[in-house]
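Worksheet: the structure to be examined is printed underneath.
The values are calculated or read from the model by the stated rules, or taken from the named source; none is laboratory data. Computed from a predicted model, the values in this text were never measured in an experiment. Methodologically, a virtual Cβ is constructed for each residue, glycine included, from the backbone with ideal geometry; neighbour enumeration extends over all protein chains shown.
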Amino acid sequence: MKNSSQPLTLGLLVSLAVAFVVSWIPNSPVMASLALFTDPGAMRPWAFLTYPWAVPGNGNALFFYLLMGLWLWGIGGQLERATNARTYIVLWLGAALVHGLTYSVVAQGMKEVFLAGPGLPIAFFAVYLGGRYPQQAISFFGVIPMTMKIVAILVAVLTFFGYGTGAPMLGLAAVAPLALAWGLGSRQWQLHPGRSRADIKFERKKEAEFDQFRDEVRRREMEREEKERLRRLFESSLDDGDDSAKSR
């Protein structure tokens, strides 16, 4: 990762990892100060943006936190390459804010309900990319081949059951902002004054084709760099073998 092409995603992962480690400190106030509590008496204004960094410091959360980190590395990296730093940051903070507001409104009156962890902003990223590149083929967690549209649907379903088990309204609150993510990604909710619908569709198609072409070029460049690295490694091993043979 020394020459990472996705520094924002790397920095985000590092910050989440630091928050997770700090949460293991006995009597650490990190979880309570960053989490979004829906009780008006315990609610803090900044928590609408900080709850993704609030994680419980226990072993049960470690495995799922690692999986979420891998998922963020893939999805966040693709989003970072497809957009720019400002869009990336606005989407992350906007997703956290919209999810937090929706969740807190629906959860009013429910006892001991709070929002913590980066799951919802990451889901927002995934659905945004699904709307932007619905037909792009990827490997889900590097194993199951499917299109980004199917990934977005699966993410929405998992989000509903993950946050709504035993409380379906909370599941709906978690899923509702994902419709915004899809609309933004597919560019259906952007204003285009003075332009025909056909022109807008044609421009979106050309943009999608260019984005796919750019991703393919980058993928081939990475493959070429990896082959070159392996070639040099192989030649180096041959040189070492020749040197050892001469020394004998």
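List of remarks:
- Criterion (exposed (fewer than 14 other Cβ atoms within 10 Å of the Cβ), part of a helix (DSSP H, G or I) and on the phi < 0 side of the Ramachandran plot) met by exactly one of LEU66, LEU10, LEU49: LEU66
- Of the residues screened, ARG86 is not one that is in a loop (DSSP other than H, G, I, E, B) and without any contact (Cβ under 8 Å) to a residue 24 or more places away in the chain.
- Selection status of GLY185, touching a Lys or Arg at 6+ places or on another chain (Cβ under 6 Å), assigned by TED's automatic domain parsing to the domain that holds ALA123 and either modelled with pLDDT of 65 or more or among the basic types (Lys, Arg) (or both): yes
- Out of ALA17, ALA85, ALA61, sole residue that is of a type in the set (A, V, I, L, M, F, W, C), at pLDDT below 85, out of contact with any Lys or Arg (no Cβ under 9 Å at 6 or more places or on another chain) and more than 17 Å from ALA174 (Cα to Cα): ALA61
- The residues of the range 172-182 that are surrounded by 15 or more Cβ atoms within 10 Å (Cβ to Cβ) and under 17 Å from the mean Cα position of the chain (by Cα), listed by number, are ALA174, VAL175, PRO177, LEU178, LEU180, ALA181, TRP182.
- Every condition in (1) of a type in the set (A, V, I, L, M, F, W, C); (2) outside any helix (DSSP H, G or I); (3) under 30 Å from GLY41 (Cα atoms) holds for VAL98 except the one numbered (2).
- The range 131-154, subset touching a helix residue (DSSP H, G or I) at 6+ places or on another chain (Cβ under 7 Å) and assigned to a strand (DSSP E or B), residue surrounded by the most Cβ atoms within 10 Å (Cβ to Cβ): ILE138
- Some residue of the range 103-112 being in a helix (DSSP H, G or I), more than 13 Å from the chain's Cα centre (by Cα) and crowded, with 21+ Cβ neighbours inside 10 Å: yes
- All positions within the range 155-171 that are exposed (fewer than 15 other Cβ atoms within 10 Å of the Cβ), assigned to a helix (DSSP H, G or I) and aliphatic (A, V, I, L, M): VAL157, LEU158, MET169
- Yes/no for ALA152 being touching a residue at least 24 places away in the same chain (Cβ under 8 Å), touching a Ser or Thr at 6+ places or on another chain (Cβ under 8 Å) and among the small types (Gly, Ala, Ser): no
- Condition check for GLY117: at positive phi and buried (at least 16 other Cβ atoms within 10 Å of the Cβ): yes
- For LEU120, the conditions (1) in contact with a Ser or Thr (Cβ under 9 Å, 6 or more places away or on another chain); (2) farther than 24 Å from GLY166 by Cα are fulfilled apart from (2).
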